[in-house]
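Read the structure below first, then the notes.
The values are calculated or read from the model by the stated rules, or taken from the named source; none is laboratory data. Because the structure is a prediction, the values reported are computed rather than measured. When we count neighbours, we look across all protein chains shown, and the Cβ atoms used for this are built from the backbone with ideal geometry, even at glycine.
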Amino acid sequence: MARDMCPEVRIEAFNALAKMQRVSEGVLLQSLSKKIIKTDTGSASSIKGKKLPPKLSFPCAAGIFAHGVEDEFYQVQAVACKTLGALAKLSNQYAQKALDLLMDMMNDDTEAVRLQTLQTLFDMATYGCLSMQEKRMHMFLGILMDANVVVRNAVWRKIRR
């Protein structure tokens, strides 16, 4: 549903994903990557002497968020961003990988997407699942000088809290 042709369906799909309370880390990580992640099953299995590739891990989840944050509709992007943050509480590894997508979203042309990204980063920090590495810090600090006054003011309000 997150890849449906209708943007309203995609928005509702991301809203539903945000409400999930229990989901495996494998599914979460797969949702961030467009490439299908293979499970670590040790060695590959074999049937009748023929070697088989390792089982795939949740291919239907592949790239859901990668596509969501690149959606042509800013409303879908904003909801995908919000959902990324909501699910970050469930896994630290997921939160760190989601941070890559969120930092890219800070460069989006749409004010609404950048504002939602700021809110998501703030929420992740509040929940204790935001760990900013030095390589990302310059990008985050660059937001303080954003060309858009609304975004700039939002950043300052978040910092003052």
- prompt: Applying the selection to segment 125-161, what residues are closer than 16 Å to Asn107 by Cα, in a loop (DSSP other than H, G, I, E, B) and of a type in the set (A, V, I, L, M)?
  reply: Ala147
message: Given the criteria of a type outside the set (Asp, Glu) and not in a helix (DSSP H, G or I), does Leu90 qualify?
response: yes
Boolean, Gly68 is modelled with pLDDT of 90 or more, surrounded by 15 or more Cβ atoms within 10 Å (Cβ to Cβ) and not hydroxyl-bearing (Ser, Thr, Tyr): yes
task: Give the residues of segment 114-158 that are among the aliphatic types (A, V, I, L, M), exposed (fewer than 12 other Cβ atoms within 10 Å of the Cβ) and at pLDDT below 90, sorted by residue number.
output: Met137, Leu141, Leu144, Met145, Ala147
- prompt: What tally of residues in segment 69-107 results from selecting those that are aliphatic (A, V, I, L, M) and in contact with a Pro (Cβ under 7 Å, 6 or more places away or on another chain)?
  reply: 1
query: Looking at Leu101, is it under 16 Å from the mean Cα position of the chain (by Cα) and either assigned to a helix (DSSP H, G or I) or modelled with pLDDT of 90 or more (or both)?
result: yes
